[in-house]
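Structure first, commentary second.
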């Protein structure tokens, strides 16, 4: 045995995660990427909002400001993450002074006018200013924001006046002095004079028209009648509606403008319109869920005439068309989902930290009822639907196999799968240990293993005992995982971290891909496999500022 040329020792877990299991600490750049792409800057199950903010700031301090700026742009434009990109843009202000790319950064990190007000409000808070006393902005921020304002059309100027906010669009104009163009000069003139922009563009925004109708009405009955009329008139232009507005008004279209359902469904199948909508995929699933709950109006009576039955059948036919179109829209939004070679095992974390339980909330945002587990199930269902030979396992205190049922609609199966996940038990992630142990015992060949989780696996040192003989009870997750990979040395192991917690994970190894986020981009990484953070970081680095 050699004395001086020692055997190479691989990485070892060095930190204890939130469940008491030994875990690997991410590098600062990996921690920053995974945190940024999995947070709406709100309280999580294991961390407070302030903890997440501090962690992001600390990671930014440890990486190249140019990379952090590119990541902020990637988060906003590719991953459609708003709040975290605002925080990063505000915090980077002092770090990019004098950088020749800084102006382009502040121009590119904005997709909507309210991105600027959010960044400025965050900048004011970080620097101890009130919104009404924002001073000493970096020139790069001023110039980048001014260029963005100069590019706005009258519709967006009117839509984002932000009259009920402390920092309004007119405040931005007075602060940043954009150069008006022939297209928007009249709109900016009227904005500064406090006049209406009506007549400067063709689009009609349903919410504004409804509000206006409510102000004109003198009685509740009159208000309902006026609003119904506004809905019918506004929905006559379904063809011109942005996808987000269309999703929000599908119920109204079915109830008040059923003749427009065909056109609404056609719009939901226009590939460019779906891809340019910048909507996170779960928005389509949420709309599907809401439409699925709809019942024909006024059918509560137990006495049904033939006309009632005919109307019910017609309503159900409309509903079926809309549900099918929503599923098609979701498939378009994720058209790059790969079909992997060989068999594919997909494991979804349904523990309390993913679903929410007595220990805390797992909602992805304070403004959303969507939980991290819901996103995990949607990802898993979409991926499973594209595979030829798939196993789906839901894990918490136990492991529950779910047989894929392709006779169902994909999103119906997704709903049923999520409901089944509630039976897993919230206290531990013992089920994933059980999966590993069974594969080891049976020497089961697995070509691809995809895990959707927040990566806090364990139970204060006890989970590894789950189902093991007494002699094996000292086995940690690392030991089980090592044995699994010995059985499956060529397995492509991909971990999708849906909520990065304190920059650590139990999953790491030569053939382990760690990726984070809620966008369709994760499937590009899954399809190329075994490059993980490296590929994601390379993609972010390609952004030009």
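What follows draws every value from the coordinates through simple rules; no lab data is involved. From a predicted model like this one, the values you see are computed outputs, not experimental measurements. For neighbour counting, all protein chains shown are included, and Cβ atoms are generated from backbone atoms with ideal geometry for every residue, glycine included.
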Spin-label model distance (nm) - residue 343 vs residue 438, 7 Å beyond Cα toward Cβ:
1.1
By the mean-Cβ-within-10 Å protection proxy, highest first, 276-289, 375-388, 481-494 rank as 375-388, 276-289, 481-494
Compute the label zone of residue 423 within the stretch 382-412: residues whose backbone N is under 11 Å from the point 7 Å along Cα-to-Cβ.
400-403
Quick calc: nm separation of the 7 Å Cα→Cβ label points for residue 49 and residue 177 -> 3.5
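Using 0.36 nm per residue, how much length does the chain from residue 136 to residue 276 gain when fully extended, once their Cα-Cα distance is taken away?
On the way: separation 140, 0.36 × 140 = 50.40 nm, distance 3.54 nm.
Value of the extension gain: 46.9 nm.
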Return 165, 195 ranked ascending by Cβ neighbour count within 10 Å, so the fewest neighbours appear first.
195, 165
Simple spin-label estimate for residue 289/residue 539, 7 Å along Cα→Cβ, in nm, reads 2.5
For residue 388 and residue 487, what is the calculated FRET efficiency with R₀ set at 22 Å and r taken between the beta-carbons, to the nearest 0.05?
0.50
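So how much slack lies between residue 186 and residue 324, counting 0.36 nm per residue of separation and subtracting their Cα-Cα distance, in nm? Don't skip to the answer; put the middle values down first.
Numbers: separation 138, 0.36 × 138 = 49.68 nm, distance 4.32 nm.
Full extension from residue 186 to residue 324 adds 45.4 nm.
Would you please give the FRET efficiency between residue 27 and residue 313, computed as 1/(1 + (r/R0)^6) with r the Cβ-Cβ distance and R0 = 41 Å, to the nearest 0.05? Numbers along the way, then the final one.
Working: r = 59 Å, r/R0 = 1.45.
After rounding to 0.05, the efficiency reads 0.10.
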Work out Dmax and Rg for the stretch 42-193 from the C-alpha atoms and quote the Rg first, both in angstrom.
15.6, 52
The stretch 86-175, convex hull of Cα, quarter of hull surface, nm² -> 5.3
